[in-house]
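Here's the structure, in structure tokens; my notes come after.
The values are calculated or read from the model by the stated rules, or taken from the named source; none is laboratory data. Remember, predicted model here, so these are calculated numbers, not experimental data. Because the Cβ atoms are built from the backbone with ideal geometry, glycine has one as well, and the counts that use them run over all protein chains shown. These accessible areas exclude ligands, DNA and RNA; they are computed on the full protein's heavy atoms, side chains included. Shrake-Rupley method; radii C 1.70, N 1.55, O 1.52, S 1.80 Å.
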Amino acid sequence: MKPINIGICGLGTVGYGSFLVLKNNWQEISRRVGTEVVVSHIGTRRLRPGQDVGNVKISSDVFAVVNDPAVDIVLELMGGIDVAKPLVLQAIANGKHVVTANKSMIAVHGNEIFAAASAKNVMVAYEASVAGGIPIIKAIREGLAGNSIQWLAGIINGTGNFILTEMREKSRAFADVLKEAQALGYAEADPTFDVEGIDAAHKLTILAAIAFGIPLQFEKTYTEGISHITQEDIHYADELGYRIKHLGISRKTSNGIELRVHPTLIDENSLLANVNGVMNAVMVNGDAVGSTLYYGAGAGAAPTASAVVADIIDVARMISSPQSSVPALAFQDGSLSDIRITEMPEIKSAYYLRITALDKVGVLAHITQILGDCAINIEAIIQKEPRGADAASQRVPVIILTREILEATMNTAIAQIEKLDGVAEKVMRIRIFKLE
Ligand code: HSE
């Protein structure tokens with residue numbers, strides 16, 4: 001059989017990382033596929049210092065790669081949407097298979113892209129779009145395919161996890177850690193995507209689609225970042241036996257499917273609570289298997305290239321024996337479910353509340369009265385002695401853990417608490433998630 005030709009569009013960190021893995025492991029890759037896999041064409045404006053691609057053809061126009069009749073599989077590794085989406089649609093129109101690491105493009109435009117691919121009978125593979133080197137797409141779409149998935153929860157943004165870890169372990173300031181994450185190359189081009197949860201929401205959208213057999217619905221994902229989490233919140237959570245993690249959570253309930261990304265208190269003894277630094281981990285609970293955990297590097301050239309090359313091998317094997325393909329969104333075309341996405345006020349959660357009260361008689365009584373009137377059960381309460389600036393302004397931090405309650409009820413209680421004369425600031429609310 002003739003070699004399978006790869007065209008790479010974008011030779012940045014992931015593009016060049018994938019080129020190197022293909023080059024270094026070509027013998028094993030060819031043995032796994034049953035035919036030779038070669039990079040035949042690269043689309044990039046320039047080679048960066050230190051990049052050496054031998055005598056592979058280079059075009060400055062990435063569309064030259066997707067229009068090259070010799071290319072069988074197009075790697076879209078540019079990121080962004082403006083050029084990437086038309087490029088992928090053009091590749092599909094030309095009858096080429098596509099491998100991409102582009103989470104925003106898949107989360108926002110995946111339904112359209114997969115429909116186009118299905119019409120042309122080509123594959124669009126996207127393992128590298130979620131959690132870098134962790135084969136989580138394959139695990140859910142194939143390894144857990146016998147289960148009815150109940151829920152999944154993951155640390156799926158390395159930058160955010162690095163920030164929370166450094167704040168907790170070294171008491172470092174948020175902005176300072178973010179700068180380091182950018183310098184280390186973990187952060188997105190626009191780091192608000194990391195710290196405001198947009199990047200995690202892209203990834204959660206993809207995971208939920210393949211877990212529950214629903215269309216990609218990024219616009220319905222509740223997204224809350226970590227930029228408002230303070231050093232105090234992290235330390236109060238510690239005192240209460242919890243860690244704050246930025247989780248993407250999707251859970252099936254009788255009310256629909258929850259899709260939410262937010263800072264979350266989780267038990268300090270849980271496995272996810274001990275996933276630190278830039279590492280990613282996803283916990284998936286299926287009715288037959290119970291809870292399973294997938295851990296690894298969520299970003300970086302080589303880990304992401306590992307996922308890209310695994311996809312290339314899958315596609316290349318499919319070229320050799322087309323009958324073995326797996327549907328792009330795990331469930332067969334035409335059988336996606338239109339089960340509703342739960343609105344946030346309808347979810348049930350336990351909560352951590354940090355209330356900045358004024359040091360006056362009766363404030364705590366008013367707060368607990370409001371919670372009681374709303375039938376919110378208090379699990380733990382800490383009132384701290386004011387120190388430093390808090391002492392000067394007579395502010396007292398009150399930390400309350402509640403039992404599970406409807407989010408709408410908690411919204412009402414928080415609104416009433418914030419109206420009290422004795423409460424000085426907006427209430428900090430962090431949801432608690434029990435990983436069981
Ligand atoms: N900015 C992303 C992260 C890169 O920090 O996880 C990998 O998607």
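Go through the residues of region 367-387 one by one and say whether even a single one is of a type in the set (Asp, Glu), surrounded by 15 or more Cβ atoms within 10 Å (Cβ to Cβ) and modelled with pLDDT under 95. No. Scanning region 304-360 for residues that are free of Cβ contacts under 8 Å to residues at least 40 places away in the same chain and polar (S, T, N, Q) yields SER321, GLN323, SER324, GLN332.
Annotation note: Cβ proximity below 9 Å between a residue of region 165-187 that is under 18 Å from THR304 (Cβ atoms) and a residue that is open to solvent by 60 Å² or more (accessible area, probe 1.4 Å) and within 12 Å of the ligand (Cβ to nearest atom) (sequence gap 6+ or interchain) occurs for GLY185/THR13; ALA187/PHE193.
Yes/no matrix, rows are residues, columns are (1) in contact with a Pro (Cβ under 7 Å, 6 or more places away or on another chain); (2) within 16 Å of the ligand (Cβ to nearest atom):
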residue	(1), (2)
ALA175	no, no
ALA183	no, yes
ALA187	no, yes
ASP190	no, yes
GLY197	no, yes
ALA201	no, yes
THR205	no, yes
ALA209	yes, no
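Listed by position, the strands (runs of 3 or more DSSP E) inside region 194-289 whose residues that are open to solvent by 10 Å² or more (accessible area, probe 1.4 Å), closer than 22 Å to ALA173 by Cβ and in the same structural domain as GLN150 (by TED's automatic domain parsing) number at least 2 are 242-253. Please determine whether any residue of region 320-335 is charged (D, E, K, R) and loosely packed, with under 12 Cβ neighbours inside 10 Å. No, that holds for no residue.
Each row is one residue, and each column tells you yes or no for (1) buried (at least 17 other Cβ atoms within 10 Å of the Cβ); (2) part of a helix (DSSP H, G or I); (3) more than 29 Å from the chain's Cα centre (by Cα); (4) modelled with pLDDT of 95 or more.
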residue	(1), (2), (3), (4)
PHE19	yes, yes, no, yes
LEU22	yes, yes, no, yes
GLN27	no, yes, yes, no
ARG31	no, yes, yes, no
SER40	yes, no, yes, yes
GLN51	no, no, yes, yes
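Somewhere in region 15-35, is a residue touching a Leu at 6+ places or on another chain (Cβ under 6 Å), without any contact (Cβ under 8 Å) to a residue 40 or more places away in the chain and within 25 Å of ALA93 (Cα to Cα)? No, there is no match, as no residue in region 15-35 is touching a Leu at 6+ places or on another chain (Cβ under 6 Å), without any contact (Cβ under 8 Å) to a residue 40 or more places away in the chain and within 25 Å of ALA93 (Cα to Cα). Residue-level check: of (1) out of contact with any strand residue (DSSP E or B) (no Cβ under 8 Å at 6 or more places or on another chain); (2) touching a residue at least 40 places away in the same chain (Cβ under 8 Å), PRO263 misses just (1). Taking region 59-164 and the strands (runs of 3 or more DSSP E) fully enclosed by it, the elements with 2 or more residues that are open to solvent by less than 10 Å² (accessible area, probe 1.4 Å) and within 13 Å of the ligand (Cβ to nearest atom) are at 149-155.
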